[in-house]
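Okay, structure first, notes after.
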Amino acid sequence: MAMTMTQKILAAHAGLPAVTAGQLIEARLDMCLGNDITSPVAINEFEKSGASRVFDKGRISLVMDHFAPNKDIKAAEQVKRVRIFAGKYDIENYFDVGKMGVEHALLPEQGLVGPGDCVIGADSHTCTYGALGAFSTGVGSTDLAAAMATGTTWFKVPSAVKVTLTGKKAKWISGKDVILHLIGLIGVDGALYRSLEFTGDGVKELTMDDRLCIANMAIEAGAKNGIFPVDETTMAYIKNRFKREPTVYAADPDAVYDQEVVIDLSALRPTVAFPHLPENTKTVDEAGQVKIDQVVIGSCTNGRLEDLQVAADIMRGKRVADGVRCIVIPATQQIYLDAMRLGLLEDFVKAGAAVSTPTCGPCLGGHMGILAAGERAVSTTNRNFVGRMGHVDSEVYLASPAVAAASALTGYITDPEKAVD
């Protein structure tokens, strides 16, 4: 029976020779993830169930990132709850202040997820790890509680949308432009409970950071997961990093897809998602003069080293526009160190930006950059819903690090090409 890449991974983890779209299965898990918001709820349910042990202390990751360092008493109590649980059950992958990072940047970096894995996380952007050829998806905290105890969970096998990438991307085009363009084409429910499976000659044009960004935002098209083929780029990334033996799956040539979307990378322009949905996309050429108050460069979508390098290349030797607050957030401690060694943090500070410790912070309106009524932000984050970054009367414009950096220098949404002229 012909299967997609996602279906093959699910079949293997369910111990079945094949699965079909719509089938209900129980699958074993390679990694279970929680953060400082969702883990306390999961821990409560874990304890209420009467569970007395976790299924595998090495296959649970608890990452304190959303409100860390703690922004208030409630945040401190939540993290304390998780810290005690992690100590009680000797959880190997517990990440707190000083060794933490934004979860979906941290787990790939630490080699905790990789090709062929089946991963769940109590966070919707757990679909990030599809960039490495894994099946990964977000679940609720109750599902996480059961998974921490049993090492299994249930799925309805998704059907798939085939996204064929062709051509070569231009200098300022990144994975963020690719995924925003795709969401603009199919809408925020265009892949509802389906797998977005990326393929085509254009895949080789995408760096691992590009792929992580694209897979991260699969959920913004309603997808159950996003997934990329395992190639030389994948294997180079996981070499001396991934802690288990990778298993490589590929879709059958005659696998069935609900639809195919073709994207010519060479035809893309820097793209921005206007308020208040990721599908509300325009190119920088169509944006007009949108005055902004804040720029955020970071998050699980675009806080990786390559993102910071692009932003620093644009901002180096220049100054953030008067009246604009620019906040740069490296996604992990390692990325922070690498950026420091490369002089990128100095570039940002000299340009007038603030550099933060790794945190989700402003992405979810948590801290480190909340918007007031009437304010606008260009952000490299993944959601721009009403009130996402603060006041319900504020606005968030999603963009790539290049567009965000260029916009910080001018005070309005700007084509990166114009910022470096």
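The values are calculated or read from the model by the stated rules, or taken from the named source; none is laboratory data. This one's a predicted model, so the numbers in the text were calculated from it and none came from an experiment. Here the Cβ positions follow ideal geometry from the backbone for every residue, glycine too, while neighbour counts run over all protein chains shown. Ligands, DNA and RNA are excluded from the accessible area calculation, which covers all protein heavy atoms including side chains. Shrake-Rupley method; radii C 1.70, N 1.55, O 1.52, S 1.80 Å.
Things worth noting here:
- With K and R counted +1 and D and E -1, the other residues having a Cβ less than 13 Å from that of residue 259 yield a net charge of -1.
- With bins 5 Å wide beginning at 0, the percent of Cα pairs of region 1-137 falling in each bin runs 2, 10, 19, 21, 18, 14, 9, 5, 2, 1, 0.
- For residue 93, the residues whose amide H sits under 5 Å from its own are 60, 62, ignoring neighbours fewer than 5 places away on the same chain, with H placed 1.01 Å from N.
- The spacing between region 304-357 and region 371-421, judged by their C-alpha centroids, is 16 Å.
- Residue among 330, 17, 362 with the largest mean-square fluctuation in a Gaussian network model of the chain, springs linking Cα atoms under 10 Å: 17
- The Stokes-Einstein estimate for region 91-184, based on a Kirkwood radius over Cα pairs and taken at 4 °C with 1.567 mPa s viscosity, is a diffusion coefficient of 83 µm²/s.
- For the chain, the spread of Cα coordinates along the three principal axes comes to 58, 52, 40 Å, biggest extent given first.
- Per residue, the chain exposes 37 Å² of solvent-accessible protein surface, assessed with a 1.4 angstrom probe and all protein chains in place.
- Here the chain carries DSSP beta bridges of which approximately 20% are antiparallel, counting only pairs with both residues inside.
- The accessible-area ordering, largest first, of the residues 172, 154 stands as 154, 172, per a 1.4 angstrom probe.
- Taking every alpha-carbon pair in region 177-254 and binning the separations at 5 Å intervals from zero gives 3, 14, 24, 23, 19, 12, 5, 1 percent.
- Solvent-accessible area of the chain (1.4 angstrom probe, protein heavy atoms only): carbon and sulfur portion equals 51 percent.
- Along principal axes, Cα extents of region 124-252, largest first, whole Å: 47, 38, 28
- Alpha carbon Rg of region 287-416, scaled by the compact-globule rule 2.2 N^0.38 Å: 0.94
- The Cβ shell under 12 Å around residue 30 holds other residues with a net charge of +1, Lys and Arg each +1, Asp and Glu each -1.
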